[in-house]
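First up is the structure itself, then whatever we jot down about it.
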Amino acid sequence: MHELMATMGKALHLLVSFDPALWEIIGVSFRVSLTAILVALPPALLVALVLARVAFPGRWLAISLVNTFMAVPTVVVGLVLFMLLSRSGPLGEWQLLFTQRAMVIGQIILASPILIAMLHSSLQSIDQRAWETARQLGAGRLQAFAMLIHEARFGVIAAVLAAFGRIIAEVGSAVMIGGNIEHFTRTITTAIALETLKGEFAQGIALGMVLLLLALLLNVLLGVMRGRGQQMVSA
Amino acid sequence: MLKRRLSLLAIAAVTAMLATGAQAAEIIRLATTTSTYNSGLLDYLLPKFEQDHPYQIQVIPVGTGKALRLGRDGDVDLVLTHAPAAEKAFVDAGYGVEPHGVMYNDFVIVGPSDDPAGIKGGDDAVKALATLADKNATFVSRGDDSGTNKKENHLWKAAGVTPDFSNYKAAGQGMGAVLKMTSELQGYTLTDRGTWLAMKDNLDLSILVEGDTKLFNPYQVILVNPERYKNLNTEGARALAQWLISDEGQTLIDAFRLKGKVLFHASAGEAVDPSKAVGAN
Amino acid sequence: MLEVSRLSHGFGRRPPLWEIPHLRWDGRSLVHLRGDNGSGKTTLLRLLAGLDTPRRGTIRWTLDDGAPAAPPRFGDLLYLHQQPYLFDTSVAGNLRHVARWQGWRGDDARSRIASMLARCGLADHARQHARSLSGGERMRLALARAWLLSPRVLLLDEPTASLDRQAIDDITALILSLRETGCAIVLSAHQQSVLTERCDAEWHLERGGLQVGDMQAGIAEPRPLGADS
């Protein structure tokens, strides 16, 4: 018990004293995950819009595929990407393995199904009249699309928060294709998973606290967004 | 009726608990390094011990740092590790008792077959590392405070180099993962010979430096201090330790082969003889 | 000028809701589209607006001096839903969206919006959230939004349904003043009201066909299909 308290104390100290090693790891995590979300969002919006608005044969199949991909374990994504990016793999020439870029790619793959599924359902819930009204009032296709996203903004933000929460907390693909390299591809989760093997728990606890705080923050934001979204529907 | 069923359930539950409790007394928990575990030595040795003794051994493969930490926290009954300095500190601090040398093997420096940094063929590990740092070659370090990592840091220190060149990558992962990374990145790394032999068929790497006495890698078995924790199976732990350094255990260790190669040299009761590690295959 | 020939439409495998062999309209008057619930008023208005494609037949609009065209140009011709869709923002914000799409900027946009809000009696509600408006106010905002574009023709789907007396009077006044600015209007309503009484002509959807009548004479005189209005 005493040991646990001492470790917690040490962890808090690392956090509030802005321990550079600790905050570097946090920085890498956020940089990688934010980049992944930013890159994944525009295509996800487009796909979600098509799924929500265009009736094409096999649409239900596409939707269930997206839902299936949501359930793929992160280590499987990591393994497949590892084999693709490996020196002996088809994309080996890109020399991306064990770089932040590779991690971003992995996280894009992990984030996209969640983004698409959640964006799809929120865009679908926007009234068909919204598109017609905007187009009749002089909006071009892109402007009308932007209007739809604006109307669905709480759903969009909720999707982004949920996807961000998933990828910043995932460890399977981050270890496999990032490699947990210090100053470079070491993220919050890979550090917790592997650095504690050293027997130094304080840093792990501190990083765990960051993730926990982040999860709390994201959930509160999500709750607020849901509230706003429901108000919007009922209004 | 229901009451009777419930009491039957309760009896069954208590019986089950007693059974597991009785079994728990026979379990020995051994923390060892991943490299030892991956070599297959324990899978070969321990069943032979279990045959003749009323114990069941649970092996927990972790880095040396974590293994000693598990011992310090009383989460295991004994440790089998290969980091002399850390082990000495462990015993000196009173966390462990009855240290015994069991065996040794050696480390090798591996890298790409075409060896861009040109360290091949030497038998001076320190000089080789200095060259790698000098040429900013890609070097993947365990970076996990393991025995191998401690050995590596010791060698950097001897070379008078702080390993902060830009292509030095501290991976914080096990030996297998680090070898795989080294192969992918076509870099260099320090590895124990056991993991190397087990994995080399899947790697695009070669041994470049071996045979330096500084690459000598002694293993010790240490009991967790029974005065610090109740509930330790010290009796079982001592039986295992004594068996490992007995004639029977030592003969078996010497007879162990990995892919036809000798990997470990029994060394109980001997003065440490680094020359035995040279050219160990 | 609107010219419709051999138009029919329906849903799925069901028989057509109605068939209109021929219809001509000068596109200048105020028309009451009459019909019971389910007679296909909304369907007809949506087809005329170009929001849906008819199963059979053609629709030709000639607005201003242009050549007859099949898909009506958005902006000149506007269809307003029975429950207008209001964007999730303030009353003024709804108009600002339109101004942005029209490419109006700065003071020009601001003055157009301000005068339109005043015209439609919404100036006091400018900052209010659009979706908190009452039914009558919602319809007024939808009209204001459309009016910004100075359309040639407005197609209104049940603009006074489920409104109270006062709101109906307000909407009627607004529609009449829109009419005075030269905007032709077709409005559907399944029951008579002060608004329908002011209409110049009546199109009556019944028994799967469209009867056209002139209201100027005081009494609607249904005439056979295909007659000029």
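Of all DSSP beta bridges confined to chain B, the antiparallel ones make up roughly 60%.
Rounded to the nearest 20 debye, the dipole magnitude of segment B:106-215 is 200 debye, with +1 charges on Lys and Arg beta carbons, -1 on Asp and Glu beta carbons, and the Cα centre as origin. Per-residue ellipticity at 222 nm from helix content only, as computed over chain A with -39500 (n - 2.57) for each DSSP H run of at least four residues, stands at -24500 deg cm²/dmol.
Taking the Cα centre of the protein assembly as shown as origin and assigning +1 to Lys and Arg Cβ atoms and -1 to Asp and Glu Cβ atoms, the resulting dipole is close to 2200 debye. By DSSP, the beta bridges lying fully in segment B:97-201 are antiparallel in about 50 percent of cases. Counting every C-alpha pair in chain B, the share spaced more than 36 angstrom apart comes to 23%.
Using a cutoff of 8 angstrom between alpha carbon atoms and counting only pairs six or more residues apart, the relative contact order for segment C:15-119 works out to 14 percent.
Shown for segment C:88-132 is the translational diffusion coefficient from the Stokes-Einstein equation, using the Kirkwood radius over Cα pairs, a temperature of 4 °C and a viscosity of 1.567 mPa s: 124 µm²/s.
The C-alpha atoms of chain A define a longest principal axis, and helix A:2-16 lies at about 60 degrees to it. From least to most packed, judged by other beta carbons within 10 angstrom and beginning with the fewest, C:Ser188, B:Ser166 follow the order B:Ser166, C:Ser188. Each of A:Ala21, A:Ile105, A:Thr7 was placed along the dipole of segment A:1-120 (beta-carbon charges, centred on the mean Cα), and the one lying farthest toward the positive end is A:Ile105. Considering only the Cα atoms of chain C, their convex hull presents on average a projected area of 12.9 nm².
Segment C:33-108 and segment B:135-175 have Cα centres separated by 71 Å. Shielding value for B:65-71 is 3, the average number of Cβ atoms from other chains within 10 Å of each residue's Cβ. The lysines whose alpha-carbon is closer than 25 Å to the alpha-carbon of B:Lys48, local same-chain residues fewer than 8 away aside, are B:Lys259, B:Lys261. Membrane-span-like helices in chain C, defined purely by DSSP H runs whose alpha carbon atoms cover 24 Å or more axially and whose average Kyte-Doolittle hydropathy reaches 0.0, do not occur. The alpha-carbon atoms of segment B:22-157 define a convex hull whose volume equals 133 cubic angstrom per residue. Taking every residue in A:80-90 and counting other chain Cβ atoms within 10 Å of its Cβ, the average works out to 1. Among the trypsin sites (Lys or Arg not before Pro) in segment B:121-180, those placed in a DSSP loop whose Cβ has at most 15 other Cβ atoms within 10 Å are B:Lys135.
When only Cα pairs below 8 angstrom with a gap of at least 6 residues are kept, segment B:106-215 shows a relative contact order of 48 percent. Per q in 0.07, 0.13, 0.18 Å⁻¹, report the Debye log10 I(q)/I(0) for segment A:2-234, using one uniform scatterer on each alpha carbon and no solvent. Relative scattering, expressed as log10 I(q)/I(0), comes to -0.29, -0.86, -1.27.
Note on segment C:28-103: the alpha carbon radius of gyration divided by the globular reference 2.2 N^0.38 Å gives 1.33.
Each residue of segment B:129-137 was assigned a 3J(HN,Hα) from its phi angle through the Karplus curve 6.51 cos²θ - 1.76 cosθ + 1.60 (θ = phi - 60°); the sequence is 5, 4, 5, 4, 5, 4, 8, 6, 6 Hz, with glycine and proline shown as x. According to the Kirkwood relation over distinct C-alpha pairs, the hydrodynamic radius of segment B:106-215 is 13.3 Å. Helix B:41-52 and the longest principal axis of the C-alpha atoms of chain B enclose an angle of approximately 30°. Per residue of A:149-160, other chain Cβ atoms within 10 Å of the residue Cβ number 1 on average. Considering only B:Ala237, B:Ala83, B:Ala93, give the residue with the highest GNM mean-square fluctuation for chain B, with springs between Cα atoms whenever their separation is below 10 Å. Among B:Ala237, B:Ala83, B:Ala93, the largest mean-square fluctuation in the Gaussian network model of chain B belongs to B:Ala93.
Taking a Cβ cut-off of under 13 Å around A:Gly92, the surrounding Lys, Arg, Asp and Glu residues balance to a net charge of -2, with basic ones at +1 and acidic ones at -1.
Each residue of segment A:212-224 was assigned a 3J(HN,Hα) from its phi angle through the Karplus expression (A = 6.51, B = -1.76, C = 1.60, θ = phi - 60°), giving 5, 4, 4, 4, 4, 4, 4, 5, 5, 4, 4, x, 4 Hz with x at Gly and Pro. Three principal axis extents of the protein assembly as shown based on alpha-carbon atoms, in descending order, are 126, 79, 51 Å. Of the beta bridges in the protein assembly as shown, as assigned by DSSP with both residues counted there, near 55 percent are antiparallel. Fully extending the segment from B:Gln58 to B:Lys261 would add 70.4 nm, taking 0.36 nm per residue of separation and subtracting the current Cα-Cα distance. Lys/Arg Cβ at +1, Asp/Glu Cβ at -1, dipole of segment B:100-240 taken about the Cα centre: which of B:Thr189, B:Met199, B:Val221 is farthest positive-ward? Farthest towards the positive pole: B:Val221.
The H on the amide N of B:Ser141, modeled in the peptide plane, is under 5 Å from the matching H of B:Lys169, B:Ala170, B:Ala171, each at least 5 residues off or on a different chain. Spatial offset of segment C:152-193 relative to segment A:178-194 amounts to 66 Å, using the alpha carbon center of each.
Each of B:Asp115, B:Asp145, C:Asp107 was scored by other Cβ atoms within 10 Å of its Cβ. Arranged with the fewest first, they read C:Asp107, B:Asp115, B:Asp145. For segment A:1-112, the calculated P(r), taken from all Cα-Cα distances in 5 Å bins from zero up to the bin holding the longest distance, is 2, 10, 13, 14, 14, 13, 12, 9, 6, 4, 2, 1, 0 percent. With respect to chain A, whose longest principal axis is taken over its alpha-carbon atoms, helix A:74-85 is tilted by about 90°. The distance from the alpha carbon centre of segment B:187-201 to that of segment A:73-141 is 37 Å, rounded to a whole number.
Radius of gyration over Kirkwood radius for segment C:65-175, both on Cα atoms: the Rg/Rh ratio is 0.97.
A dipole drawn for segment B:106-215 from +1 and -1 charges on Cβ atoms has a positive end, and of B:Gly147, B:Gly211, B:Pro116 the residue lying farthest that way is B:Gly147. Count Lys and Arg as plus one, Asp and Glu as minus one, and take only other residues whose Cβ is under 12 Å from that of B:Lys127; the net charge is then -3. A Gaussian network model of chain C, with springs between Cα atoms under 10 Å, assigns the largest mean-square fluctuation among C:Arg138, C:Arg110, C:Arg34 to C:Arg110.
Throughout, read-outs are computed from the coordinates displayed, never taken from laboratory work. All of these numbers come straight from a predicted model, not from anything done at the bench. Virtual Cβ from ideal backbone geometry, glycine too; neighbours counted across all protein chains shown.
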